[in-house]
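Working notes, structure below.
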Amino acid sequence: MHRQTLMGIGAGYVALLGLVTYGLLQARNWVAQTYDTPEATENWQKLTQELEQRQDRGHSPVKRPAQRSSVPPIKILFSENFPAIVAWSLVILSILYWSVGIMIAGALRTPSHHPASVDDDAPP
C-alpha cells in the first residue's frame with residue numbers, strides 16, 4: 001500500500017473518530033439538558049401512569065410490561081451506559097471504516113488496464 005494512501009486513510013480515521021466522539025458528547029449534553037429537569041421526570045411519570053391505567057381498563061391492544069424506572073429511559077441510557085455507547089460506536093465504526101478503506105486502497109493500487117494474455121493462452 002502506498003504510504004500517502006495509508007496516511008490519508010489514517011488521517012480520515014482519526015478525524016472520524018473525533019467527530020463521532022464529539023457528536024456523542026453533544027448528544028449526551030442535549031439529553032442532560034432536555035431530560036434532567038423536574039418537568040421531564042413529571043411528564044414521564046404521567047405517561048407511565050396513563051399507560052398503566054389504559055392497560056388496566058383493557059383499552060390497550062398491546063400488553064406492556066410495567067415501567068421499572070421513574071425517570072425516562074434515554075436519561076438512564078446516556079448517564080449510566082455512556083461509556084459503553086462510545087466504546088461500541090467506535091468499535092463498529094472502526095470495523096466498517098477499515099474494511100471500506102482497505103477496499104478503496106486496493107482499488108487505487110489495481111492497474112486500470114489488463115495485461116495481454118500470456119503466450120500459453122494465445123491461439124496459434
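Residues that are without any contact (Cβ under 8 Å) to a residue 60 or more places away in the chain, more than 14 Å from Ser79 (Cα to Cα) and hydrophobic (A, V, I, L, M, F, W, C) were ranked within the range 14-51; the one that is surrounded by the most Cβ atoms within 10 Å (Cβ to Cβ) is Trp44. Scanning the range 52-64 for residues that are in a loop (DSSP other than H, G, I, E, B) and surrounded by 10 or more Cβ atoms within 10 Å (Cβ to Cβ) gives Ser60, Arg64.
Condition check ((1) of a type outside the set (A, V, I, L, M); (2) exposed (fewer than 10 other Cβ atoms within 10 Å of the Cβ); (3) at pLDDT below 90; (4) on the phi > 0 side of the Ramachandran plot) across all residues:
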position	(1), (2), (3), (4)
Ala66	no, yes, yes, no
Pro72	yes, no, yes, no
Phe78	yes, no, no, no
Ala87	no, no, no, no
Leu90	no, no, no, no
Ser94	yes, no, no, no
Trp98	yes, no, no, no
Ala105	no, no, yes, no
Leu108	no, no, yes, no
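The values are calculated or read from the model by the stated rules, or taken from the named source; none is laboratory data. Keep in mind that what you see is a predicted model, and the values were worked out from it rather than measured. No Cβ is skipped: glycine too gets one built from the backbone with ideal geometry, and neighbour counts run over all protein chains shown.
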